[in-house]
Amino acid sequence: MMTTSDHTADKSQRFFSDNRSTEAVHGAERRLKPERSLVEPAFYTSTYTFDNMDDVCRYQEAHIHGHVKDRYEYGRYGNPTVAASEARLAVLEKAEGAIQVASGMAAITHTFLHFLSSGSHIVMTDDCYRRTRQFCEERLSRFDIACTVVPFGDYAALEAAIRPETRLLFSETPTNPYLRVLDVERFAEIGRRRRVLTAIDATFATPVNLRPLEWGIDLVIHSATKYLGGHNDLLAGFIAGRNELIAPLRDTIGFLGGISDPQTAYLLLRAMKTLSLRVEKHNRNGQQVAEFLAGHSAVEQVWYPGLPSHPGHDIAARQMSNGFGGVVSINVKGDRAATFRFIDALQLIYLSPSLGGVESLVLHPAAMVYPDYTPDQRLEAGIPDNLVRLALGIEDAEDLIVDLDQALGTV
Ligand SMILES: Cc1ncc(COP(=O)(O)O)c(C=O)c1O
């Protein structure tokens, strides 16, 4: 029988070094799986059986005294396939523990609802995923939780915003859509010195390119819908960190109920085996396409941290170990109509939200993320009509470049 305690980061670290490909394939796996299956099976069950009332009482006793559970009870409190997927992610992030939930937003909202309580305060940086910012600015006040949004990269403003009741500092890196790069070491240092927890949404980075916990961050969050899932076929989220933070959060999620199912965990386990391979290709495509676009006459500006011209390049080069990811944003040299023409002319790259999958996607932030803003509000938010986000997949860079070049010809 596999239990949560069979999958621990410690166990795999006995066997594997800092080799991310090996970790992605084997990290925290149990060697002997049911029926000698090579692959971890999906356990489709919503509940688990007990032999008799003695068995029930023994289990409840261990539960009450906070011992590590050696069996499952009910699907909302755990599933072996989900536990295997969580343990794999924990190895990749060098975390003591991880929790898989229903979506990236579930990871974010459940984390906020657990660590923040009435009368407390969160500081977050702007240039974050819009829904995250909206949740903080528009929903948390219902629970008497205050939120301050500070400009990304302004560490003095970040520190000045901290109050005695501040419980969480939250940011992303690289950010959406400008790929700004947070100095995670500096962010972590501010949190530690001011005794406030730090959490980073590292969806765009993936543990292949950045492991925030190694830089002193307390919690790392992922929309696993993106690179970790990698195939545009699932929604999931992860939160990873020290057990002292993860275990009580898992308890809260047992109430909130935003758990992930075994099918998603199975797909995630499969996808994570190729994470390193895929991210290497996303990194190469990102770099090659960004360099091509930087030299194109129909492009006004390219936003990619792998380019020395990007404001976050120096920090990214220092803290991102294998590359800068597959998302490249550009300002087209033209107005809204010209930008729409460019997007509509793309033949290989699909017009769709999301990122991190094997298929390349294009998104128009003004029309697709900020449709409710007036043109003036969009400009104030730094989202002009000529801004385009490219989420490059793992196709051949030459083909992506041919597609982009012909489409830019319409600008
Ligand atoms: C950086 C970032 N965080 C979180 C999310 C939310 O993830 P999900 O769609 O899996 O809920 C997204 C989604 O686009 C994202 O880009």
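Which of Val56, Leu400, Val362 sits farthest toward the positive end of the charge dipole of the chain, with +1 on the Cβ of Lys and Arg and -1 on the Cβ of Asp and Glu?
Comparing the listed Cα positions along the dipole, Val56 ranks first.
Among Val332, Ile217, Pro305, which residue has its Cα positioned farthest towards the positive end of the charge dipole of the chain, with +1 placed on the Cβ of Lys and Arg, -1 on the Cβ of Asp and Glu, and the dipole taken about the Cα centre?
It is Ile217, whose Cα lies furthest towards the positive end.
If you place +1 on the Cβ of every Lys and Arg and -1 on the Cβ of every Asp and Glu, how big does the dipole about the Cα centre of the chain come out, in debye to the nearest 20?
With only Lys, Arg, Asp and Glu charged at Cβ, the dipole is about 600 debye.
Name the residues whose placed amide hydrogens come within less than 5 Å of the amide hydrogen of Val327, ignoring near sequence neighbours (fewer than 5 apart) on the same chain.
Distant-sequence amide H within range of Val327: Leu392.
Roughly what % of DSSP beta bridges within the chain run antiparallel, to the nearest 5?
55
What residues qualify as long-range amide H neighbours of Glu300, i.e. H under 5 Å apart, gap of 5 or more or another chain, H built at 1.01 Å from N?
Asn331, Val332, Lys333
Please list the non-local residues whose amide H lies under 5 Å from the amide H of Ser321, H modeled 1.01 Å from N, same-chain partners needing a gap of 5 or more.
Those lying under 5 Å, H to H, from Ser321 are Leu210.
Given axes a ≥ b ≥ c from the Cα gyration tensor, I'd like to know whether the chain is rounded (a/c under 1.5), prolate (a/b larger than b/c) or oblate.
Cα axes put the chain in the prolate bin.
Could you give the angle, 0 to 90 degrees to the nearest 10, between helix 53-64's Cα long axis and the longest principal axis of the Cα atoms of the chain?
For 53-64 against the chain, the angle is about 50 degrees.
Each residue of the stretch 19-27 in turn: what ³J(HN,Hα) in whole Hz from Karplus with 6.51, -1.76, 1.60 and θ = phi - 60°, glycine and Pro shown as x?
Karplus-based 3J(HN,Hα) across the stretch 19-27 equals 9, 5, 5, 5, 4, 5, 7, 10, x Hz.
Once the Cα atoms of helix 104-115 and of the chain are each reduced to a long axis, what angle between those two axes, in degrees from 0 to 90 to the nearest 10, is obtained?
Tilt relative to the chain: about 60 degrees.
Please work through the chain and write down the cysteines that have no neighbouring cysteine Cβ at a distance under 4.7 Å.
Cys57, Cys128
Tell me, how many Å apart are the Cα centres for the stretch 189-254 and for the stretch 320-355?
Using only Cα atoms, the two centres lie 27 Å from each other.
List, in order, the whole-Hz ³J(HN,Hα) value for each residue of the stretch 360-366 obtained from phi through the Karplus relation with A = 6.51, B = -1.76, C = 1.60 and θ = phi - 60°; use x for Gly and Pro.
Coupling constants for the stretch 360-366: 6, 10, 10, 9, 9, x, 4 Hz.
Say the dipole of the stretch 180-288 comes from +1 at the beta carbon of Lys and Arg and -1 at that of Asp and Glu; which of Leu256, Ala236, Gln288 then lies farthest toward its positive end?
Farthest along the dipole direction, towards plus: Gln288.
Residue-wise, which Karplus ³J(HN,Hα) couplings in Hz belong to the stretch 156-165, taking 6.51 cos²θ - 1.76 cosθ + 1.60, θ = phi - 60°, and x for glycine or proline?
5, 5, 4, 5, 5, 6, 6, 10, x, 8
Can you bin the stretch 304-403 into rounded, prolate or oblate? Criterion: square roots of the alpha carbon gyration tensor eigenvalues sorted a ≥ b ≥ c, rounded for a/c under 1.5, prolate for a/b above b/c, oblate for the rest.
Oblate, because a/c is 1.5 or more while a/b does not exceed b/c.
Any idea what angle helix 336-345 forms with the longest principal axis of the chain, computed on alpha-carbon atoms, 0 to 90 degrees, nearest 10?
Long axis of 336-345 versus the principal axis of the chain: about 70 degrees.
Values quoted throughout were computed directly from the atomic coordinates according to the rules given, and no laboratory measurement underlies them. Here the structure is a predicted model, which means the values were calculated and not measured. All Cβ positions, even for glycine, are placed from backbone atoms using ideal geometry, and neighbour counts span all protein chains on display.
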